[in-house]
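To start, the structure under review is shown below, and the notes come after it.
The values are calculated or read from the model by the stated rules, or taken from the named source; none is laboratory data. Please read these numbers as outputs of a predicted model, since none were measured by experiment. Cβ: placed from backbone, ideal geometry, glycine included. Neighbour counts: every protein chain shown. With ligands, DNA and RNA removed, areas are computed over all heavy atoms of the protein, side chains included. Shrake-Rupley method; radii C 1.70, N 1.55, O 1.52, S 1.80 Å.
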Amino acid sequence: MDQSPLHELADMAKEMMERGVRRIHVLAWRDLEDREAGGSEVHADAFMRRWQDAGLDIVHRTSKAVGEPSQTVRHGYRVVRRGGRLTVFPRTVVSETLRRMGPYDAVVEIWNGVPWFSPVWCRKPHVVVLHHVHDRMWDQILPGPAAWFGRKLESSIAPPLYRRTETVTLCEDSKVDLEHLGWPRERVHVAPAGVDAFFHPGGTKTENPSVVAVGRLAPVKRFEELMCQFRSVRDRLPTATLTIVGDGSDRHRLEQWIQDNDAATWIQLMGRVDQEKLRDVYRSSWLITSASMAEGWGLTLTEAAGCGTPAVVSDIGGHRSAVLHEQTGLLVEMSNLGERIADLLVDETKRNEMAKEAVRWARSLSWDQLAVDVLRPLHHRTMDRQ
């Protein structure tokens, strides 16, 4: 009988602790409780809580979150929040070097655009979790010179320092991108995201055609382009509606677009919602969509799949792993997004077939397995120590 993921995780954790590796510091620029938290933070919490349950001692070092204490305990592991979005990087390196957060036996660096340079200062076992290469996203995130430096840092300054570092990413496209930056193929490990069993079918669909999009309201998500594309949906289906769940820096701009285009009757900006409400929206919507420019995976798409809601999304790397084309949804060119959404909204038979396949697909994705897949390269590094 095959060993369950949690049993495998427990065995690896035990072997690591027997080799003196118990205290693991996980570095990330943003925390799950942050107002702009997204899939990366859900991903990190998923493996950290399972590692903690397996007996490892986890400290999560991150930046300040508005309204949250500087230190807390979540799901059994300790969270330390100090520094701003940029100052968290040097402050963390100094803290780790001086052991201000206590001694550690291993480090996991979650690289979201800006690296922590752990290969330079960490002499203990360490691995990197890198969801995706930002590339042209830099122009959406930062002004001209800063965007140039971000690309330079990601593409040529940092990679040579990481080529001997075991690196975990979420999909094959991201692995290829890392190989193009110089990572040896054998150093990059693909670990697909999971779907919580909480996201399962239930309730009823809305009477009129409804589409949901979920994510941070940021330029990289291209919500304004999505709203423009949705006009063509309305041309064919005048009662169709678009609900956008999430918050972020682009909210005011999107609200202005809705006002300028007299779209308040068919576009709703719902803001951040709790998990119960999010599941209700997934379940009641006919489709989920995303116009994002880049994703490491597309977690909201697989959560919606678990609720029996197919997807029509931009054809990008992370989406290609989260959506099985013509099975659980459609991968399309941005210029055709609205047209293909309308096509699937009017094809009830195909939509229902995709909904059933989406549920099956979501049930195959396990956070328990993800926790094993992220720990495995760190376990190997531990076992290789003399």
How long are the three semi-axes of the equivalent ellipsoid for the range 310-386, computed from the Cα gyration tensor as the root of 5 times each eigenvalue, in whole Å, largest first?
36, 15, 6
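Count the DSSP beta bridges whose two residues both fall in the chain, then state the antiparallel fraction as a percent rounded to the nearest 5.
So the antiparallel bridges in the chain amount to around 10 percent.
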When the expected Rg is taken as 2.2 N^0.38 Å, what fraction or multiple of it is the alpha-carbon Rg of the range 256-338?
1.15
Below 8 Å, C-alpha to C-alpha, sequence gap of six or more: please give me the relative contact order for the range 292-386 in percent.
28 percent
Beta bridge orientation in the range 1-126: antiparallel %, DSSP, nearest 5:
25 percent
Using alpha-carbon positions, what is the distance between the centroids of the range 26-61 and the range 106-161, in Å?
19 Å
Pairs of alpha-carbon atoms within less than 8 angstrom and 6+ residues apart define the contacts here; what relative contact order does the range 179-327 have, in percent?
30 percent
Quick check on the range 227-386: take the gyration tensor over C-alpha atoms, sort the square-rooted eigenvalues as a ≥ b ≥ c, and tell me if it's rounded (a/c under 1.5), prolate or oblate.
prolate
Can you give the calculated 222 nm mean residue ellipticity of the chain, where each DSSP H run of n ≥ 4 adds -39,500 (n - 2.57) and the sum is split over every residue, rounded to the nearest 500 deg cm²/dmol?
-12500 deg cm²/dmol
Where both residues lie in the range 43-83, what percent of DSSP beta bridges are antiparallel, nearest 5?
50 percent
Averaging the inverse of every distinct alpha carbon separation and then flipping it gives the Kirkwood radius. What is it for the range 38-122, in angstrom units?
13.6 Å
Suppose we keep just the alpha-carbon trace of the range 87-163; what are its Rg and Dmax in angstrom?
13.6, 40
State the Cα centre-to-centre distance between the range 207-252 and the range 347-386 in whole Å.
28 Å
Normalized C-alpha radius of gyration of the range 190-293, against 2.2 N^0.38 Å?
1.10
Rounded, prolate or oblate: which one fits the range 129-236, using the alpha carbon gyration tensor with axes a ≥ b ≥ c (rounded when a/c is under 1.5, else prolate when a/b beats b/c, else oblate)?
oblate
Using a 1.4 Å probe, what is the accessible area per residue for the chain, in Å²?
44 Å²
Counting only Cα, what are the radius of gyration and maximum Cα-Cα distance Dmax of the range 232-302, in Å?
13.2, 34
Please state the charge dipole magnitude for the chain, taken about the Cα centre, from unit charges on C-beta atoms (+1 on K and R, -1 on D and E), reported in debye and rounded to the nearest 20.
1440 debye
Roughly how many percent of the accessible protein surface of the range 92-139 is carbon and sulfur, given a 1.4 Å probe and a whole-percent answer?
55 percent
Report in % the part of the accessible area of the range 184-274 that belongs to carbon and sulfur, leaving out ligands and nucleic acids; probe 1.4 Å.
47 percent
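So which GluC sites (Glu not before Pro) in the range 280-328 pass both tests, a DSSP loop state and at most 16 other Cβ atoms within 10 Å of the Cβ?
Listed in order of number, the matching sites are E326.
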Apply the a/c threshold of 1.5 to the C-alpha gyration tensor of the chain and tell me whether it is rounded, prolate or oblate.
prolate
